[in-house]
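The structure appears right after this line, and notes come after that.
The values are calculated or read from the model by the stated rules, or taken from the named source; none is laboratory data. Everything numeric here is computed off the predicted structure, so don't read it as measured data. Cβ placement follows ideal geometry from the backbone for every residue including glycine, while neighbour counts extend to all protein chains displayed. SASA here: full protein model, heavy atoms, side chains in, ligands and nucleic acids out. Shrake-Rupley method; radii C 1.70, N 1.55, O 1.52, S 1.80 Å.
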Amino acid sequence: MGQMFATSVLFTAVIAIFILYNIVKILKQYERGVIFTLGKVSLTHGVKGPGIIFLWPGIQKMVRVGLRTVTMDVPSQDIITKDNVTVKVNAVVYFRVIDPRKAIIEVEDFYYATSLISQTTLRSILGQNALDDLLSNRESINAELQKVIDLQTEPWGVKVTAVEVKNVDLPVEMQRAIAIQAQAERERRAKIIHAEGELQASAKLSEAAAVMSKNPMALQLRYLQTLTEIGTEKNTTIVFPLPIDLVTAFLKMAEKKD
């Protein structure tokens, strides 16, 4: 008799726990529950939470939906750019559910659907850009991707907050071509800077020559300064420049003697 009573109590306890498990639900702060009553979702009371939720067993069913931002990696996609270059591009999408009711009713799996939309949009948008734009205009391309993907996921109650293109893998031949182009660009800039320096130096020398031509003593002082600088160096041969007027006088004297 006592054994039957214990079994009965245990059975009743199991049934009570099972009923409580199906009646009482606890939703966290970042969760919401979409309540189906006899297969329907009420427009006013169809979404509940957070906190303790009570359900009618066998009549109501709850589906949990997280409201936190989800980080989703978009697999690497083969893309042909506008200038017919094949590249591999991957990206990351940040999104969150803003309408739990739509996220459950309007689409079977909002995460999977958002992933597929992101992949197709990535190929479509990036294929409209040339390779140089793809490498240099990341911000504008990311903004356009976010706008297009968010427009398509809006009916599902999903808000895409950001899209970032991570890596652009180029073929080996294209990497070499870009390296050659970059080297040529650096050499061009170096030549321009050198030419500008020569132009500025020639302008300063012209100004100095104009000043010295007006004052012969300045030219003599510069001549003596040059001799001083030469004398400080350890040279075995020193060439002394002579004024043209002095050389001309010697030449005239030689002609008179002849």
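Side notes on the structure shown:
- Peptides ranked, highest mean first, by Cβ atoms within 10 Å: ranges 193-204, 139-150: 139-150, 193-204
- Accessible-area order (highest first, 1.4 angstrom probe) of the listed residues Asp83, Asp99: Asp83, Asp99
- Accessible surface of Leu67, taken over heavy atoms with a 1.4 Å probe and every protein chain present, rounds to 40 Å².
- Area of Asp109 that stays accessible when all protein chains are in place (1.4 Å probe, Å², to 10): 80 Å²
- Solvent-accessible area, 1.4 Å probe, carbon plus sulfur percent, for region 1-142: 60 percent
- When the Cα positions of Val107, Tyr94, Gln128 are compared along the charge dipole of region 84-130, Gln128 comes out farthest toward the positive end, with charges on each C-beta of Lys, Arg, Asp and Glu.
- Residues Thr81, Thr44 ordered from highest to lowest accessible area at a 1.4 Å probe: Thr44, Thr81.
- Shape call, region 14-143: gyration tensor on alpha carbons, a/c limit 1.5: prolate
- Largest to smallest accessible area among Arg68, Arg188, Arg96 [probe 1.4 Å]: Arg68, Arg188, Arg96
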